[in-house]
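Shown next, in structure tokens, is the structure this report addresses.
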Amino acid sequence: MLCPVGCRMDLEIEGNAALVTASSSGLGKASAKALAREGVDVVLNGRDEDRLADARADVEDVATGEVVTQPGDLTEADDTEAMIERTVEEFGTVDHLVTSAGGPPSGAFLDTDDDDWYEAYNLLVMSAVRLAREAQPHLEAGEETGTIVNITSRSVKEAIDDLVLSNSVRMGVIGLEKTLSKEFAPEIRTNAVLPGPHETSRIQDLVEAAVERGDYDSYEQGLDDWAGNPLERIGDPMELGNTVAYLSSPKSGFVNGTAVTIDGGATGANL
Ligand SMILES: NC(=O)c1ccc[n+]([C@@H]2O[C@H](COP(=O)([O-])OP(=O)(O)OC[C@H]3O[C@@H](n4cnc5c(N)ncnc54)[C@H](OP(=O)(O)O)[C@@H]3O)[C@@H](O)[C@H]2O)c1
């Protein structure tokens, strides 16, 4: 059966426990689905409880383990602490931490003020810092290697026009990821994934807004324009989710401290 993105990969992580943040939509949800399909018990997170409930139903469709939800705001230290506590309460430990977050606002440098920078830092960097700190004792305690995967953006490899906050602040997550890959090893492996455009609600909203502005004649035309990579198409979120699940599994046991670009080859950098 041809099943490029929708089949179980048999990654030997069945029965493990994962927290995936910002997973009521998009890349976080796709990562949670990929893990749940492998039999991992998963905690989903987002701020909006209705959206979270819909996501739970969606993930449960493919899950063979448990799926629970933990509403909370990644910019609040108490909420990130509660996400780890809930995972331990439900499943006894944390074997896999996958961090995603909302995207910072787009804009050029002169469009931003101090608050924009601090807010982006709090959302993207401090959430990853706090989650790693709280999860570390649990990730370390397991019989198998614990894993952290940070979802960031290809903007850490190549500055993208009108995305100064993403281009700049996300570098802090990569510095953290690389440092933890040394300090937390060998008990914990830490990696990052760097997405280019994937068809999530964030991208759908941006393309639809561009169609309304008259930039494109149709949604499909806008999507083609956003794709802009050698594979000439936009990514399916499950293609990223599958990579996150692989990086969380013993099948990638010697992969540590790396950042995998998932962008159809759009990024021009050689490394
Ligand atoms: N999609 C792409 O093509 C692409 C490419 C490069 C980078 N990225 C980056 O990847 C990340 C995920 O993007 P996406 O496309 O998956 O976005 P998305 O579909 O809009 O999903 C964002 C998720 O984050 C949650 N969220 C936002 N702010 C939050 C907060 N403060 N606390 C807790 N949850 C929060 C949202 O739920 P609530 O709103 O209910 O909280 C939602 O579940 C973003 O940082 C984005 O910039 C995406």
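The values are calculated or read from the model by the stated rules, or taken from the named source; none is laboratory data. Quantities reported herein were computed from a predicted structural model and do not represent experimental measurements. Note that we place each Cβ from the backbone using ideal geometry, even for glycine, and neighbour counts take in every protein chain shown. The area values use the complete protein model at the heavy-atom level, side chains included, leaving out ligands, DNA and RNA. Shrake-Rupley method; radii C 1.70, N 1.55, O 1.52, S 1.80 Å.
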Restricting to DSSP H runs of at least four residues, report the calculated mean residue ellipticity at 222 nm for the chain, -39500 (n - 2.57) per run over all residues, nearest 500 deg cm²/dmol. -13000 deg cm²/dmol
Restricted to the chain, the DSSP antiparallel beta bridge percent, nearest 5, is 0 percent
Volume per residue of the C-alpha convex hull in region 56-196, rounded to whole Å³: 122 Å³
Please identify every one of the chymotrypsin sites (Phe, Trp or Tyr not before Pro) in region 37-145 that sits in a loop by DSSP and has no more than 12 other beta carbons within 10 Å of its own beta carbon. none
Just how large is the dipole of region 1-135 about the Cα centre, in debye to the nearest 20, putting +1 at every Lys and Arg Cβ and -1 at every Asp and Glu Cβ? 540 debye
Taking every Cα atom in the chain, find the radius of gyration and the maximum pairwise distance Dmax, and write them in Å. 17.8, 56
Treating only the Cβ atoms of Lys and Arg (+1) and Asp and Glu (-1) as charged, compute the dipole magnitude of the chain about its Cα centre; round to the nearest 20 debye. 980 debye
In whole Å, how far is the Cα centre of region 60-132 from that of region 1-47? 16 Å
Which of Ala135, Ala55, Ala227 fluctuates most in a GNM of the chain (C-alpha springs under 10 Å)? That residue is Ala227
Apply the Kirkwood formula to region 1-101: the hydrodynamic radius equals the inverse of the mean of 1/r over all pairs of different alpha-carbon atoms; give it in Å with one decimal. 13.2 Å
If the cut-off is a Cα-Cα distance under 25 Å, which lysines reach Lys157, setting aside same-chain residues fewer than 8 apart in sequence? Lys29, Lys178, Lys182
Pull out the extension gain between Glu89 and Leu231, defined as 0.36 nm times the separation in residues minus the alpha carbon to alpha carbon distance; nm, one decimal. 46.8 nm
Taking the Cα centre as origin and putting +1 on Lys and Arg beta-carbons and -1 on Asp and Glu beta-carbons, what dipole magnitude results for region 69-125, to the nearest 20 debye? 300 debye
Mean Kyte-Doolittle of at least -1.0 plus a Cα span of 20 Å or more along the axis: flag which DSSP H helices in the chain meet both, please. 77-91, 127-141, 164-183
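Return one whole number: the accessible area per residue of the chain in Å², for a 1.4 Å probe.
So the chain comes to 48 Å² accessible per residue, rounded to a whole number.
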Additional length obtainable on full extension of the chain from Glu208 to Ile174, 0.36 nm per residue less Cα span: 9.1 nm
Considering only protein heavy atoms and a probe of 1.4 Å, how much of the accessible area of region 199-252 is carbon and sulfur, as a whole percent? 46 percent
Asp61 label point, 7 Å along Cα→Cβ, cut-off 20 Å on backbone N: hits in region 34-54? 34-46, 49-54
Would you please put 251-258, 10-17, 39-46, 213-220 in order of how densely packed they are, using the mean number of other Cβ atoms within 10 angstrom per residue and starting with the highest? 39-46, 10-17, 251-258, 213-220
Along Cα→Cβ, 7 Å out, is where each label goes; now give me the distance between the ones at Asp73 and Cys7 in nm to one decimal. 4.5 nm
Normalised by the residues of region 123-271, what does the relative contact order come to in percent, with Cα pairs under 8 Å and at least six apart? 29 percent
Residues Ser106 and Ala53, FRET efficiency given R0 of 51 Å [Cβ-Cβ distance, rounded to 0.05]: 0.95
For region 255-271, what does the Karplus curve 6.51 cos²θ - 1.76 cosθ + 1.60, with θ = phi - 60°, yield as ³J(HN,Hα) per residue in whole Hz, taken in order and with x for Gly and Pro? 9, 8, x, 10, 10, 8, 7, 10, 9, x, x, 5, 6, x, 4, 5, 10
If you bin every alpha carbon distance in region 195-271 into 5 Å steps from zero, what whole percent lands in each bin? 3, 15, 21, 18, 17, 12, 7, 4, 2, 1
